[in-house]
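Q: Structure incoming, see below.
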Amino acid sequence: MTSSNAVDKIETKFQDHILDKSFFRGELSLTVDKLKLVEIMSYCKDELLYDYLVDITAIDNLGIDPRYEVVYELYSYTNSCHLRIKVGVDEADREVSSVVDLWPTANWHEREAYDMVGINFSGHPDLRRILMWEGYPFYPLRKDFPLAGKASEMPDVAFSEPVPLEGGPFVTCPSSDATDKREPRSREII
Amino acid sequence: MSKKITPAAYDSKIEGNVTFTKLDTAINWMRSNSLWPMPMGLACCGIELMATGASRFDIARFGMEVMRFSPRQSDVMIVAGTVTYKMALAVKRIYDQMAEPKWVIAMGACASSGGMYRSYAVLQGIDHLLPVDVYISGCPPRPEALLEGLMRLQKKIETEESVVEQKKELLKELSH
């Protein structure tokens, strides 16, 4: 079974809950209804044999509604095919059902998405920050979080300060120009 | 009329076995030649630190081979690698647990200045928290660079005047 067969089956079974479907460079992506996520994922795992959850990421599309998107990358070792499932998440209700019960590996992936973007995964057994410390007040991978970071203070735990960017991030430019044109330097592009 | 100079206390039994020196110099000589590093390996610099401790570069030539993972037994903290904010206060705490006298080496670009990580998550140099004695450039520095840094630290220790300072403090206290 290929991923297009799998998508056909999902579309037949959940036709009202598939919001978007895209095919790009041989990869199929489905945007599905947030409320039906666990049902669709469980169908993918049990019936379509997507036994491997490769990754979960969250995207902040600032200015677009819904603002966030949670992306699940699935792979089937049985059928050697890939499938991408996306759900849109509103700013007001940043709650997505957890898929830890289906793939235990989702545990840390969901914690990372929670830590970096601030998506709450309901039903997650242990939703703590995974990279930043507990109590850090920001979500650093959101688009409205400044590149230099923000100051924060938690006595005896950790603190953070904005970094000196000196005019912009250090950017490498691929070219055959002289070193000072190529090497990582502040180019004031932002 | 020339006065004949005779040694003040000549003793043939100890001739050649006694050296006159300052107490500070003697103490500094002992301290600088038995530095016990606290290997604070936080990133890839830690790998070069391990290489420095291994046979090819042989840190034992300088009397520094006794890497202690207990801060209470170490003299010099080698901060090797990227200090994230999450780790920063833990590094400070370990430094605070080290007994005086103690020194700090910032090994590599990250520990010295944050390096390439102009990031919300990375402390921009361990000198924001600890008094650094020697900074070593490099990303990561080669073991030779670390050894050079340690030799610079030895040179620095040899110029310290701990006993003189203690004496001055004592005299100050007595005069009050």
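Q: Would you pick out the residues in the range B:127-154 that are of a type in the set (K, R) and touching a residue at least 60 places away in the same chain (Cβ under 8 Å)?
A: Correct list: B:R142 only.
Q: Any chance you could count how many residues in the range B:46-67 are within 17 Å of B:W36 (Cβ to Cβ) and not polar (S, T, N, Q)? Can you show your working first?
A: Going through the range B:46-67, the residues within 17 Å of B:W36 (Cβ to Cβ) turn out to be B:49-50, B:52-53, B:58-67.
If we keep only those that are not polar (S, T, N, Q) as well, we get B:49-50, B:53, B:58-67.
Of the residues in the range B:46-67, 13 are within 17 Å of B:W36 (Cβ to Cβ) and not polar (S, T, N, Q).
Q: When B:L146 is evaluated against the numbered criteria (1) surrounded by 21 or more Cβ atoms within 10 Å (Cβ to Cβ); (2) touching a Pro at 6+ places or on another chain (Cβ under 6 Å), which criterion, by number, is the only one it fails?
A: Looking at each condition in turn, B:L146 falls short on (2).
Q: Then there's this: I'm trying to understand the selection: among the residues of the range A:96-111, which are surrounded by fewer than 19 Cβ atoms within 10 Å (Cβ to Cβ) and either of a type in the set (A, V, I, L, M) or within 14 Å of chain B (Cβ to nearest Cβ) (or both)?
A: Correct list: A:L102 only.
Q: Is one or more of the residues making up the range B:3-23 assigned to a helix (DSSP H, G or I), among the hydrophobic types (A, V, I, L, M, F, W, C) and at pLDDT 90 or above? Lay out the reasoning, then the answer.
A: At the first step, the residues of the range B:3-23 found to be assigned to a helix (DSSP H, G or I) are B:23.
Applying the additional criterion that residues be among the hydrophobic types (A, V, I, L, M, F, W, C) yields B:23.
So of that shortlist, the ones also at pLDDT 90 or above come out as none.
Scanning the range B:3-23 turns up no residue that is assigned to a helix (DSSP H, G or I), among the hydrophobic types (A, V, I, L, M, F, W, C) and at pLDDT 90 or above.
Q: Separate question: Restricting the search to the range A:125-146, which residues are in contact (Cβ under 8 Å) with a residue 60 or more places away in the chain and either within 11 Å of chain B (Cβ to nearest Cβ) or in contact with a strand residue (DSSP E or B) (Cβ under 6 Å, 6 or more places away or on another chain) (or both)?
A: Within the range A:125-146, A:L141, A:R142, A:K143 qualify.
Q: With respect to the numbered conditions (1) at the interface with chain B (Cβ under 10 Å from one of its Cβ atoms); (2) at pLDDT 85 or above; (3) crowded, with 16+ Cβ neighbours inside 10 Å, which one is the sole condition not fulfilled by A:I119?
A: Status for A:I119: all satisfied but (1).
Q: For the range A:147-161, name all the residues that are surrounded by fewer than 14 Cβ atoms within 10 Å (Cβ to Cβ) and within 8 Å of another protein chain (Cβ to nearest Cβ).
A: Going through the range A:147-161, the residues surrounded by fewer than 14 Cβ atoms within 10 Å (Cβ to Cβ) turn out to be A:151, A:153, A:155-156.
Answer for the range A:147-161, where residues must be surrounded by fewer than 14 Cβ atoms within 10 Å (Cβ to Cβ) and within 8 Å of another protein chain (Cβ to nearest Cβ): just A:D156.
Q: Continuing with the same structure: Can you name every residue in the range B:127-147 that is more than 19 Å from B:W36 (Cβ to Cβ) and more than 14 Å from chain A (Cβ to nearest Cβ)?
A: B:Y135, B:S137, B:G138, B:P140, B:P141, B:R142, B:E144, B:A145
Q: Test each condition in (1) within 25 Å of A:P164 (Cβ to Cβ); (2) exposed (fewer than 13 other Cβ atoms within 10 Å of the Cβ) for B:M116 and report the one that comes out false.
A: (2)
Q: Something else about it: Being part of a strand (DSSP E or B), out of contact with any Ser or Thr (no Cβ under 6 Å at 6 or more places or on another chain) and closer than 15 Å to A:V32 by Cα, is that true of even one residue in the range A:97-108?
A: There is no residue in the range A:97-108 that is part of a strand (DSSP E or B), out of contact with any Ser or Thr (no Cβ under 6 Å at 6 or more places or on another chain) and closer than 15 Å to A:V32 by Cα.
Q: Tally up the residues in the range B:42-71 that are among the charged types (D, E, K, R) and at pLDDT 90 or above, please.
A: The qualifying residues number 2.
Yes/no per residue for (1) among the charged types (D, E, K, R); (2) in a loop (DSSP other than H, G, I, E, B); (3) in the same structural domain as A:V70 (by TED's automatic domain parsing); (4) more than 26 Å from the chain's Cα centre (by Cα):
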{"site": "A:M132", "(1), (2), (3), (4)": "no, yes, yes, no"}
{"site": "A:G135", "(1), (2), (3), (4)": "no, yes, yes, no"}
{"site": "A:L141", "(1), (2), (3), (4)": "no, yes, yes, no"}
{"site": "A:E153", "(1), (2), (3), (4)": "yes, no, no, yes"}
{"site": "A:P164", "(1), (2), (3), (4)": "no, yes, no, yes"}
{"site": "A:C173", "(1), (2), (3), (4)": "no, yes, no, yes"}
{"site": "A:D177", "(1), (2), (3), (4)": "yes, yes, no, yes"}
{"site": "A:D180", "(1), (2), (3), (4)": "yes, no, no, yes"}
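The values are calculated or read from the model by the stated rules, or taken from the named source; none is laboratory data. Because the structure is a prediction, the values reported are computed rather than measured. Positions of Cβ are generated from backbone atoms using ideal geometry, with glycine treated the same way; all protein chains shown enter the neighbour counts.
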